[in-house]
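Chemist: Okay, here's the structure, questions in a sec.
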Amino acid sequence: MSNIYFRLNGGLGNQLSQFSAALFYSKKFNIEVKYDDYYISKSSKKHEVISLPNLFGQIVTFSCFKSKFSRLINRILYKLGLNTIPILGFHFFFEDLKCINLNTTVIVEGFWQNNMIYTDEAIKIINNCILEKIDITNSKFNILKKINQNNIAMHVRRGDYLTNKHFLIRQQYVLPAEYYNNSIKEVRNKYTGKITIFLFSDDIISLDFFDDKNIDIVVVNNNVFNDIEAFYLYSRFCVCIIANSTFSMWGALIAKHLFGSAVYAPYIWHKNKPWDLDIIPKQFIVLKF
């Protein structure tokens, strides 16, 4: 039986998708999967670190010439719509896995933006791993005592979305203020009274960003909460407005699973594939703007 490794890539949200995909295929084919951190190990981006090693278990790094050469050829085959093949002892799959029985090392790459991987089992395991990594008795989590139905967890993703460019072309779609304001209007239809927005963002967002001035804003400060703590906090709200980011999407998935939370998501996720909404969980409320 092949040794099968899922390659970790990106920040926390993407890694959670890769874990969930690995779990999905391990159940589908009744196989044991492991993980490879080649991309993470060479990344210089601050958020691209393995924050939950307890989630992934055994992690190796495939950086030898044979693995790189095999990936190059297999990637070309994949782009041409052809089946990938074992080369020099390595066999690469992209966004899919076919169970095989060969004396080779299988490496699976992908961001897994598909509803098939959002299983209750994956959500439970991820939530438990998050709980193992934080100290909820810390006084900074007293903020949780203030949360009620008129409180909204809102994620505004700009930061690296503004700076990630390829040949001077921006790679990610930056959501407009209109999406967030439309989401607040939807919340207004369900709840009365003053709304408090707990704002999760790398950027400084002023009150001018919002049309509705009858709101309070609590900034979840990155200097106070690390990524795992902020993720945990986001997943504890009964109303979530997510960005086109797997960070808030997975946080909202946990909130939906635990509390039946109302989750609002944008109908445009990808800059170059605005029609591709497979990534958005079907139980989320998709808003146009």
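Chemist: What is the chain's relative contact order, in percent, from Cα pairs under 8 angstrom and six or more apart in sequence?
Modeler: 18 percent
Chemist: Shape call for the stretch 166-238 from the C-alpha gyration tensor, a ≥ b ≥ c root eigenvalues: rounded (a/c under 1.5), prolate (a/b greater than b/c) or oblate?
Modeler: Taking the square roots of the gyration eigenvalues as a ≥ b ≥ c, the stretch 166-238 is oblate.
Chemist: Could you work out [θ]222 nm for the chain from helices alone, using -39500 (n - 2.57) per DSSP H run of at least four and dividing by all its residues? Round to the nearest 500 deg cm²/dmol.
Modeler: The helix-only estimate for the chain comes to -10000 deg cm²/dmol at 222 nm.
Chemist: Calculate the radius of gyration of the Cα atoms of the stretch 49-190 to one decimal place, then report Dmax, the largest Cα-Cα distance, as a whole number, both in Å.
Modeler: Over the stretch 49-190's Cα set, Rg and Dmax evaluate to 21.5, 60 Å.
Chemist: Still on this structure, I have one more. Set the Förster radius R0 to 35 Å, insert the Cβ-Cβ distance between D212 and D276 as r into 1/(1 + (r/R0)^6), and round the FRET efficiency to 0.05.
Modeler: 0.70
Chemist: Give me the angle, in degrees from 0 to 90, between the Cα long axis of helix 246-259 and the longest principal axis of the Cα atoms of the chain, rounded to the nearest 10.
Modeler: It works out to around 70 degrees.
Chemist: Mind putting a number on the dipole of the stretch 3-115 about its Cα centre? Charges go on the C-beta only, +1 for Lys and Arg and -1 for Asp and Glu, and I need it in Debye to the nearest 20.
Modeler: 220 debye
Chemist: Here are labelled values, [x] 62, 41, 37; [y] 66, 38, 30; [z] 64, 43, 32, and one is the computed Cα extents along the principal axes in Å for what I pasted. Which one?
Modeler: [z]
Chemist: Another question, then. Would you calculate the separation in nanometres between label points at F259 and N128, each defined as 7 Å from the Cα along the Cα-to-beta-carbon direction?
Modeler: In this crude label model, F259 to N128 measures out at 2.3 nm.
Chemist: While we're on this one: Can you figure out the FRET efficiency of L144 with K79, using R₀ = 45 Å and their beta-carbon distance, to the nearest 0.05?
Modeler: The pair L144/K79 has a calculated efficiency of 0.45.
Chemist: Could you tell me the calculated FRET efficiency between K28 and Q58, based on Cβ-Cβ distance and R0 = 22 angstrom, to the nearest 0.05?
Modeler: Approximately 0.65, to the nearest 0.05.
Chemist: Once both labels are modelled 7 Å past Cα along the beta-carbon direction, what's the E186-C99 spacing in nm?
Modeler: It works out to 3.8 nm between the two label points.
Chemist: On a straight-distance basis, which lysines could pair with K288 in a cross-link, Cα separation under 20 angstrom, same-chain partners fewer than 8 positions away excluded?
Modeler: Here the lysines satisfying the reach criterion relative to K288 are K185, K190, K271, K273.
Chemist: Simple spin-label model, 7 Å along Cα-to-Cβ: T119 to N221 in nm?
Modeler: Calculated label separation equals 4.2 nm.
Chemist: Continuing with the same structure: Could you calculate the contour length gain from N3 to K288, that is, 0.36 nm times the residue separation minus the distance between their Cα atoms, to one decimal place in nm?
Modeler: Result: 98.2 nm gained on full extension.
Rule-based calculations on the coordinates, nothing more; no lab input. From a predicted model like this one, the values you see are computed outputs, not experimental measurements. Because the Cβ atoms are built from the backbone with ideal geometry, glycine has one as well, and the counts that use them run over all protein chains shown.
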